[in-house]
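Structure, as structure tokens:
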Amino acid sequence: MSKPITSTVKPSIISDFKEITKMRLALSVVFSSLAGYLLGAEVVNFQTLILLAFGGYFMVGASNAFNQIIERDLDALMDRTKNRPVAAGRMSVNVAFTIATIFTILGIVILYIINPQTAMFGAISIFLYTCVYTPLKTKTPLSVFVGAIPGAIPFMLGWVAATDDFGIEPGTLFAIQFFWQFPHFWAIGWFLYEDYKKGGFFMLPTGKQDKATALQTLMYSIWTLLVSLIPAFGFTGRLYLTPVSAIIVAVLGMGMVYFAIQLYKKMTEKAAKQLMLASVSYITLLQIVYVLDKFIR
């Protein structure tokens, strides 16, 4: 009787590169930056779009590589992260550091070619994520507040890339994605609570899967929806949302709020995961609606 064939597929260099830079996350950040650019640009410059895409990817890739170097010992303790290239020992710290350094330089230089303000915000994002957010994750739940700052920069970065100006419009885009970070990451912190605990990470506002955490998650979901509707009232300069698009955004936001309510009622990992997925859908569809609204009206 023949033995069953077992497959032992080892991660490739390409898959390790994707993992060290968190390719899916980086691409979602690039998407946000491009959406912000399209909102801010009076005339779309495809060369700038390409520079922004590559600069944004390098910026996020550098932050993630530095993060995985710093957290390599803690990553090895958690099921979610133990197979990351540095934590698993497939990639040396020196190689990861070289990638992170090259990406930092390339990212800032490419963004500087667009304009100096864009490069400045890109550099601030890398610094806050690597030097402030990452060390705070094992010390205080306030790390989520700090991490929400670099997490919110990409949406407004696109507008700054298009206009070389920071005002009420990119500030509003920043606020939308800033407040969105809280229900999104608290939902992740909830359903990965036990795994995060192995690494000593404090991601939930009370440090526990309790009603207070669920209530804060719900309140920030509501606040995210309200902030997302501000452009419909004409207070945000060139950033404007027509009534029809505002209704669409409101419906999308109420969907996210619904899942936040379900988390408050049920307090289960399944409810938290559903909220996380709803939050990702919300911010993606919101950006699409904002862009379509500008070009269709």
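Throughout, read-outs are computed from the coordinates displayed, never taken from laboratory work. This one's a predicted model, so the numbers in the text were calculated from it and none came from an experiment. Every residue, glycine among them, receives a Cβ derived from its backbone with ideal geometry; neighbour counts consider all protein chains shown.
What shape does region 242-297 take by its C-alpha gyration tensor, where a ≥ b ≥ c are the square roots of the eigenvalues and a/c under 1.5 counts as rounded, a/b above b/c as prolate, and the rest as oblate?
Since a/c reaches 1.5 but b/c is at least a/b, the shape of region 242-297 is classed as oblate.
How do 189-197, 122-130 rank on mean C-beta neighbours within 10 Å, highest first?
Ranking, from highest mean packing down: 122-130, 189-197.
Explain nothing, just the number: dipole magnitude of the chain about its Cα centre with +1 on each Lys and Arg Cβ and -1 on each Asp and Glu Cβ, in debye rounded to the nearest 20.
So the magnitude is around 940 debye.
Can you grab the distance from the C-alpha centre of region 111-135 to the C-alpha centre of region 165-200, Å, no decimals?
Spelled out, the Cα-based centre of one part sits 17 Å from the other.
Would you work out which of Ala123, Phe259, Ser143 lies farthest towards the positive end of the dipole of the chain, given +1 charges on the beta-carbon of Lys and Arg and -1 on that of Asp and Glu, about the Cα centre?
Phe259
What order do you get for 257-267, 144-154 when each peptide is scored by the mean count of other beta carbon atoms within 10 Å, highest first?
Ranking, from highest mean packing down: 144-154, 257-267.
Rounded to whole Å, give me the distance from the Cα center of region 11-56 to that of region 238-261.
25
Taking the mean number of other Cβ atoms within 10 Å as a proxy for protection, how do you rank 72-80, 43-51 from highest to lowest? Kindly include the intermediate steps, with their values, before the conclusion.
On the way: 72-80: 15.9, 43-51: 12.7.
In descending order of packing, they fall as 72-80, 43-51.
Where Lys and Arg each count +1 and Asp and Glu each count -1, what net charge lies around Val244 among other residues with Cβ under 11 Å from its Cβ? Present the calculation step by step, with values, prior to reporting the outcome.
Values: positive: Arg297; negative: Asp293.
So the environment of Val244 carries a net charge of 0.
Roughly how many debye, to the nearest 20, is the charge dipole of region 60-122 about its Cα centre, given +1 on each Lys and Arg Cβ, -1 on each Asp and Glu Cβ, and no other charges?
Using Cβ point charges on Lys, Arg, Asp and Glu, region 60-122 gives about 120 debye.
Taking the Cα centre of region 33-187 as the origin and placing charges on Cβ (Lys, Arg +1; Asp, Glu -1), which of Phe97, Leu52, Leu111 is farthest toward the positive end of the dipole?
Phe97
Rounded to the nearest 20 Debye, what is the dipole magnitude of region 178-268 about its Cα centre when Lys and Arg each give +1 and Asp and Glu each give -1 at the C-beta? All intermediate terms of the calculation are to be shown ahead of the outcome.
Numbers: 7 positive and 3 negative charges, 19 e Å.
It comes to approximately 100 debye.
Within straight cross-link reach of Lys197, meaning Cα distance under 17 Å, which aspartates and glutamates are found once same-chain residues fewer than 8 apart are removed?
Hits, sequence-local ones excluded: Glu71, Asp73, Asp75, Asp79, Asp210, Glu269.
If a helix is a whole DSSP H run, which ones in the chain reach 24 Å or further along their own axis (Cα) and hold a mean Kyte-Doolittle hydropathy of at least 0.0?
Details: long enough: 23-40 (25 Å, 1.48); 46-70 (36 Å, 1.18); 93-114 (31 Å, 2.44); 143-163 (31 Å, 1.59); 168-191 (35 Å, 0.69); 211-228 (25 Å, 0.89); 243-266 (34 Å, 1.37); 269-296 (40 Å, 0.88).
Sorted by number, the helices that extend far enough and score high enough are 23-40, 46-70, 93-114, 143-163, 168-191, 211-228, 243-266, 269-296.
Would you compute, from DSSP H runs of 4+ residues alone, the mean residue ellipticity of the chain at 222 nm, taking -39500 (n - 2.57) per run and dividing by the full residue count, rounded to the nearest 500?
Helix contribution divided over all residues of the chain: -24000 deg cm²/dmol.
Projected onto the charge dipole of the chain (+1 at Lys/Arg Cβ, -1 at Asp/Glu Cβ, origin at the Cα centre), which of Ala161, Gln209, Leu38 gives the Cα projection farthest towards the positive end?
Gln209
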